[in-house]
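**Q** One structure, pasted below without further comment.
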Amino acid sequence: MPNVKTKDWAVADLVDLEYFLAADEDADPSALIQRDRELFRAHLAGEPPSSRRQLLRRWLDLRRDGARAEQAAPLPGDVVAALLRPFTLLLLVLGGLGGAALAWGVLSYAGTRPINLFAALALLVAVPFFFALLSAALPALRLALRGHPAGLFGGWLTGALLTRFSRRAYALLGERDAGLIPSALARSWGVLRGRGGLYAGIMGWLAVALLQVAALGFSLGVLLTVLVRGWFADLAFSWQTTTQLSAEGLHAFVAALARPWAAFAEPPFSHPTLEQVAGSRVFLKEGLQHLASGDLQSWWYFLLWAILVYTVLPRLLLLGGAFLGLRRALARLSFPDARCEALLRRMQHPQLHIGRDGEGREEEDAASLVLPAEMQRGMNRLQALIPRELLARPGAAKVQEEIRREFGAALENLAPVTLDENLDAEVLRALTAPPGQSAVLLVLEGWQPCITATLEYLKTLRRALGKERLLVVGLVGREAQERWGTPTPEHEFGIWRRRLAALGDPCLLVHNWGRSTDE
């Protein structure tokens, strides 16, 4: 085996995973079974990965190697990986320019009157600090209410803007397959953003991280501009007020604000002394002649410290928290959706290769080629729901054995249902507690039309199971003498696939009975 070391997942990897899974949707199912089984036998069975996510990552690497050998154009994940860094740098620079422009405007004065201290503190420290607090509170609230931290602006940032940026940047790289890869990239990226919430946490944290990068750039722009302006120009600050605020009161206030950096600098380098505070106060009736330059300039150090501690450091902490959240969201990704489950089944269940005429089961020494139980948590245990009319078929006595043989899974329970939410309320309620990890199999007659009532029943069933538990719809054809379940004709199976795909349920697996075809 050339390389058994498995890298962890990154956003660019998810883009490529969606790209390949989307490409497989239009491929011949039998060819997919053969390809994935061969990949597993040739590259993975000898030293199988220790987890489900590592197995999928290894499969992805093998598909990438094959695709790169066949085509010159970069994969969508390569484009995303190449663009995320400059896109992040661009946000940092744009944020920095915005902060520099604001600070330059606030500190600009003609020399006839000092800069208003309160205006400078409000615009350069208080407002950015308030937005930093808001940037911490809103994602936390969204995380508690919706399970992901990004809002509308963050969604736009990682959605339309990044997609448009990627397309333009890709167009600059060359014209190799100019229409194919950008379209695949947009599609894969769109799936990541909207695929039933499976990647919502990852994309949400990515959006928060990008926003924090821009905000950090803004704060750094303010800090550097204040530093440069004070270093190369004579900045003078003064304060005035119509309230009863005294110099002692203002000094006590700024001394309290300066406590975080009091250990690193003494007055006047940490904050103005009481004499300097009093000396920088302007009384209009007295004019400006009595003001001392040293008193007016002493606020520059305090302003620099305040910007650093109250705007730059919070943004650094928030950015670190966003990257930590992104990393944890990637680490928690368990790939419970139906397409990954179908992929694993193609790799690990050779006994499902049944001929179209119900003969010729593939003979393969599968004992050493089946994945460990911890990777089969999706369908190694089943709870079956079967309509009463199907249980009245002549071969119903074999139904449990056929289910075990069809899915290679342990059958925990078999419950008859009527496909009426009210009549089946007790059965559906029993599926919710305890939640468990066993998949639920609902057997339907594939030769009958997929009606709205069936779709509504599936929605009710999904609400009972939760959004990440695997739900398998097994479509059986008409009854036969020797078998309880027969395959559904491909045309009718395709109609069911399209109708069920409209539900947008990423953890819904559609299975054609006896054909080893999952979608």
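**Q** Looking only at residues that are of a type in the set (S, T, N, Q) and within 13 Å of Arg113 (Cα to Cα) in region 262-296, which one is least open to solvent (accessible area, probe 1.4 Å)?
**A** Ser280
**Q** Then there's this: Scan region 28-50 for residues that are small (Gly, Ala, Ser) and modelled with pLDDT of 80 or more and jot them down.
**A** In the first step, residues of region 28-50 are kept if they are small (Gly, Ala, Ser); the result is 30-31, 42, 45-46, 50.
Ala31, Ala42 - these are the residues of region 28-50 that are small (Gly, Ala, Ser) and modelled with pLDDT of 80 or more.
**Q** What are the residue pairs meeting all of these: first residue in region 484-504, first residue of a type in the set (Lys, Arg), second residue surrounded by 15 or more Cβ atoms within 10 Å (Cβ to Cβ), Cβ atoms under 8 Å, and 6 or more apart or on different chains?
**A** Arg497/Val510; Arg497/Glu519; Arg499/Cys450
**Q** Quick one: would you say Pro49 is in contact with a strand residue (DSSP E or B) (Cβ under 6 Å, 6 or more places away or on another chain) and of a type outside the set (Gly, Ala, Ser)?
**A** The answer is no for Pro49.
**Q** Between a residue in region 250-265 that is closer than 20 Å to Gln240 by Cβ and any residue that is of a type in the set (S, T, N, Q) and in a helix (DSSP H, G or I), which pairs come within a Cβ distance under 8 Å, given they are 6 or more apart or on different chains?
**A** Listed by first residue and then by second, the contacts come to nothing, as the list is empty.
**Q** Just to check your reading of the model, which residue among Ala278, Ala329 is within 29 Å of Gln54 (Cβ to Cβ) and in contact (Cβ under 8 Å) with a residue 24 or more places away in the chain?
**A** When all the criteria are applied, what remains is Ala329.
**Q** Which ones in region 66-97 are at pLDDT 90 or above and under 16 Å from Ala12 (Cβ atoms)?
**A** Correct list: Thr88 only.
**Q** Find the residue count for region 469-499, including only residues that are of a type in the set (Phe, Trp, Tyr) and either outside any loop (DSSP other than H, G, I, E, B) or at pLDDT 85 or above (or both).
**A** Of all residues in region 469-499, those of a type in the set (Phe, Trp, Tyr) come to 484, 493, 496.
Filter once more, keeping what is either outside any loop (DSSP other than H, G, I, E, B) or at pLDDT 85 or above (or both): 493, 496.
Final tally of qualifying residues: 2.
**Q** Which of the residues belonging to region 119-145 are crowded, with 16+ Cβ neighbours inside 10 Å and more than 30 Å from the chain's Cα centre (by Cα)?
**A** Within region 119-145, Ala120, Leu121, Leu123, Leu124, Val125 qualify.
**Q** Considering only residues that are open to solvent by 50 Å² or more (accessible area, probe 1.4 Å) and modelled with pLDDT of 85 or more, look in region 455-468 and name the one that is farthest from Val440 (Cα to Cα).
**A** From region 455-468, those open to solvent by 50 Å² or more (accessible area, probe 1.4 Å) are 456, 459, 463, 467-468; that's our starting set.
Now restrict to residues that are modelled with pLDDT of 85 or more: 456, 459, 463.
Details: Glu456: 17, Lys459: 14, Arg463: 13 Å.
Out of the qualifying residues, it is Glu456.
**Q** In contact (Cβ under 8 Å) with a residue 60 or more places away in the chain and either open to solvent by 10 Å² or more (accessible area, probe 1.4 Å) or within 25 Å of Ala501 (Cα to Cα) (or both): which single residue out of Val427, Val440, Val399, Val476 fits that description? Walk me through it before giving the result.
**A** Working: Val427 fails: in contact (Cβ under 8 Å) with a residue 60 or more places away in the chain; Val440 fails: in contact (Cβ under 8 Å) with a residue 60 or more places away in the chain; Val399 fails: either open to solvent by 10 Å² or more (accessible area, probe 1.4 Å) or within 25 Å of Ala501 (Cα to Cα) (or both).
When all the criteria are applied, what remains is Val476.
**Q** Using the structure shown, decide if Gln240 is more than 30 Å from Leu94 (Cα to Cα), among the polar types (S, T, N, Q) and buried (at least 16 other Cβ atoms within 10 Å of the Cβ).
**A** In short, no.
**Q** Another one. Looking at Leu14, Leu89, Leu39, Leu102, can you tell me which residue is free of Cβ contacts under 8 Å to residues at least 40 places away in the same chain and among the aliphatic types (A, V, I, L, M)?
**A** Leu89
The values are calculated or read from the model by the stated rules, or taken from the named source; none is laboratory data. Computed from a predicted structure; not experimentally measured. We place every Cβ from the backbone using ideal geometry, glycine too, and count neighbours over all the protein chains shown. Areas reflect the complete protein model, heavy atoms only, side chains present, ligands, DNA and RNA absent. Shrake-Rupley method; radii C 1.70, N 1.55, O 1.52, S 1.80 Å.
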